[in-house]
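Quick notes on the structure that follows.
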Amino acid sequence: MNSDKIKKGYLRAPHRSLLKAGGYTDWEIERPFVGIVNAYNAINPGHTHLNRIAAAVKSGVYAFGGLPLEFPVVGVCDGIAMNHEGMRFSLPSRELIRDSIEVMVKGHALDALVLIPNCDKIVPGMAMAAAELNIPAIVISGGPMLAGLTHGRSSDLNSVFEAVGARAAGRMGDEELRYYENTVCPTCGSCSGMFTANTMNCMMEVLGLALPGNGSIPAVLAARERLAKDAGRQIMLMIEKNIRPSDILTEEAFENAVAVDMALGGSTNTTLHLPAIADCAGVKLSLEKMDEISRNTPHLCSMSPGGIYHIEDIDRAGGISAVMRELYDAGKIHGDAMTCTGERVREKLKNAKVLDCDVIRPLSNPVDPEGGIAVLKGNLAPLGSVVKQTAVLPEMMRHSGPARVFDSEEAASEAIYGNRINDGDVVVIRYEGPKGGPGMREMLSPTSAIAGMGKGSTVALLTDGRFSGASRGASIGHISPEAASGGPIALVQEGDVIEIDIPARRLELKVSDEELARRRASWECPKLDSGSAFLERYRAFVTSGVEGAVLRKR
């Protein structure tokens, strides 16, 4: 065992003495050391119940012969961090989580990991650590929040963000806004739509790092605790069989994840996180490959924010395994990929079936013929940009309009809430990329304000930052190269015509090459001081959005 480094032989008597100071006996110390990475905190509603999940995991580990050793990591709530400086810290926290797990595993010679995340950056951060450390590891998330019920209709966090836009436009009063505030988030758990947290928890299941049900069983159900106990048991079997992330996180596994993501209509943030996890696993996953899979994978699930269903609906309809079965039967995913149970995907899916064909559509009757995400390129985004095309209204799939240019989210939000954006405009928010932000902030507040003010069918928004999984509309992000790196988005001027053609995968600035060259000759990057030593270190090492915004190794 890896832990023999700190517990075997007379030279390790001091180490054993310190372990005994924690209350561990000789016979417990002889067991495999299983790190229980608990992202609990009392701020993030997706994480406030994780101690309950951790307790269930530890009971499973202990019952099957392991020594569970719990330690924490940070867990930012993107909703609470939204639309202020806090959002600059969200994406960088992914790298912090990855690194802190490595510190604990290497510092204490752990043999295996059970990873307990739930929200946006915590899930991929933990998966990246598992891939790099390559010791037996399994993910058990905290599970999704139940959907709210507002005026007799299902609702979620996005509903109240859009209600703020309606309030700003004078279409809603304070009392009605408070009603939304009090009804859309009724339980603990990750926000109930197919937003980033739930998308990534589903991806853990598809990749094979988590047991079936990880992505869909609601946080408040007893089945979630039972799954946590099973995860604790399973990690011991993985140790016994020496099943490691390198056996699971193969090229085929990532292609499966992308296909299921496209069928679900998941968050654009997967174009950051799946390539980042793949990079840690030594696998190349490009935006071009993701777009290719999207073109060949029908969108099967009409999920919020672009549709009417929530994660609890997916669960009762058969779960992620049922979605995978639909795709496997059609030859859209690989059946030979390994999973954490030691089974191949095809074996795991043999009993899966769709229980509600309205929630999980058959391939013969998809929601959309293509998958959820499209990658756009052109002279405004030479390296690429991404849009959640399944959340775009049909009339905005092609759009041309004048640029309204803002050098920060705050400036754009002020103009939107001040009702200074006109029908047909293309809002451009720049210097919000991985380096420029720094931290590549999500733009849920501006997109929700546009939708809430009734302009979702007439106004587009482009940024070198990114969007929440809850964003909907013609919201195109991850524009690369970003403005801070001198990308063409830095050269856009007020009134320039921008042409968007999502079906053709084009994003064009209708300005001549000669004029762009003239602008570039006089361009200087503005001073971008974050006021944070941590963020400045992040800025110095982070790569572009199309590379997953990972940190350069050296």
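Laid out as a table, the results:
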item: Three-way shape call for region 419-497 based on the alpha-carbon gyration tensor, with the a/c threshold at 1.5; result: oblate
item: Per-residue HN-Hα couplings for region 479-495 [Karplus 6.51, -1.76, 1.60; θ = phi - 60°; Hz; x = Gly/Pro]; result: 4, 10, x, 6, 4, 5, 9, x, x, x, 4, 6, 9, 5, 10, 3, x
item: For peptides 489-502, 54-67, sequence by mean Cβ density within 10 Å, most packed first; result: 54-67, 489-502
item: J(HN,Hα) series, region 426-443, from Karplus relation 6.51 cos²θ - 1.76 cosθ + 1.60, nearest Hz, glycine and proline x; result: 10, 6, 10, 10, 10, 6, 10, x, x, 7, x, x, x, x, 6, 4, 7, 10
item: Relative intensity, log₁₀ I(q)/I(0), of the chain from a Debye sum that treats every alpha carbon as a point, q = 0.11, 0.12 Å⁻¹; result: -0.93, -1.09
item: Kirkwood-based Rg to Rh ratio, region 430-554, C-alpha trace; result: 0.98
item: Solvent-accessible heavy-atom area per residue, rounded to whole Å², over region 97-250 at 1.4 Å; result: 32 Å²
item: HN-Hα J in Hz across region 167-178 - Karplus 6.51, -1.76, 1.60, θ = phi - 60°, x for Gly and Pro; result: 5, 5, 8, x, 8, 8, x, 5, 5, 5, 4, 5
item: 5 angstrom amide H check on R506, placed H, neighbours 5+ away; result: K377, D501
item: Relative counts (whole %) of C-alpha pair distances in region 257-311, using bins that are 5 Å wide; result: 5, 20, 27, 22, 15, 8, 3, 0
item: Per-bin percent of Cα-Cα distances, region 284-405 [10 Å]; result: 12, 35, 33, 15, 5, 1
item: Full-extension gain in nm, A411 to N182, via 0.36 nm per residue minus C-alpha separation; result: 79.5 nm
item: Peptide ranges 1-14, 147-160 listed from the most packed, as the mean C-beta count within 10 angstrom indicates; result: 147-160, 1-14
item: Stokes-Einstein translational diffusion, region 101-160 - Kirkwood Rh over all Cα pairs, 1.002 mPa s, 20 °C, in µm²/s; result: 156 µm²/s
item: Label-point separation in nm, A223 to L11, each point 7 Å along Cα→Cβ; result: 5.1 nm
item: Of all accessible heavy-atom area on region 107-219, the percent that carbon and sulfur account for (1.4 Å); result: 49 percent
item: Label point distance in nm, Y62-R344, each placed 7 Å from Cα along Cα→Cβ; result: 3.9 nm
item: Whole-number percent relative contact order across the chain, with pairs defined as alpha carbons under 8 Å at least 6 apart; result: 14 percent
item: Theoretical gain in end-to-end length, N379 to D356 [0.36 nm per residue, Cα-Cα removed]; result: 3.9 nm
item: Rg and Dmax of region 1-59, Cα atoms only, in Å; result: 15.1, 46
item: Environment charge at R420 (Cβ cut-off 13 Å; Lys +1, Arg +1, Asp -1, Glu -1); result: -2
item: Options G213, L69, G46, ranked by Cα towards positive dipole end of the chain, top entry (Cβ charges); result: L69
item: Straight-distance crosslink candidates among lysines, where the alpha carbon sits under 25 Å from K289 and sequence neighbours closer than 8 are dropped; result: K121, K332, K377, K388, K435, K553
item: Region 396-475, relative contact order in percent, only Cα pairs under 8 angstrom and at least six apart counted; result: 33 percent
item: Antiparallel DSSP beta bridges within the chain, as percent of all bridges there, nearest 5; result: 45 percent
item: Theoretical gain in end-to-end length, E292 to R171 [0.36 nm per residue, Cα-Cα removed]; result: 39.4 nm
item: Over 20 Å [Cα-Cα, region 19-125], rounded percent; result: 44 percent
item: Under 20 Å from K8, Cα to Cα: lysines that are on another chain or at least 8 residues apart; result: K20, K106
item: Other-chain or far-sequence residues with amide H under 5 Å of A137's (modelled H); result: L113
item: Inter-centroid distance (Cα atoms) of region 244-314 relative to region 462-530, Å; result: 25 Å
item: Efficiency of FRET from Cβ geometry, R153 and E240, R₀ 56 Å, rounded to 0.05; result: 0.70
item: Region 446-495, relative contact order in percent, only Cα pairs under 8 angstrom and at least six apart counted; result: 29 percent
item: Spin-label proximity, C525 to region 404-445 - amide N less than 19 Å from point 7 Å beyond Cα toward beta carbon; result: 406-409, 429-441
item: Placed amide H near M194: partners under 5 Å, 5+ positions off or other chain; result: S304
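The values are calculated or read from the model by the stated rules, or taken from the named source; none is laboratory data. This one's a predicted model, so the numbers in the text were calculated from it and none came from an experiment. Because the Cβ atoms are built from the backbone with ideal geometry, glycine has one as well, and the counts that use them run over all protein chains shown. For the accessible areas, the whole protein counts, side chains as well, though only heavy atoms, and no ligand, DNA or RNA atoms are used. Shrake-Rupley method; radii C 1.70, N 1.55, O 1.52, S 1.80 Å.
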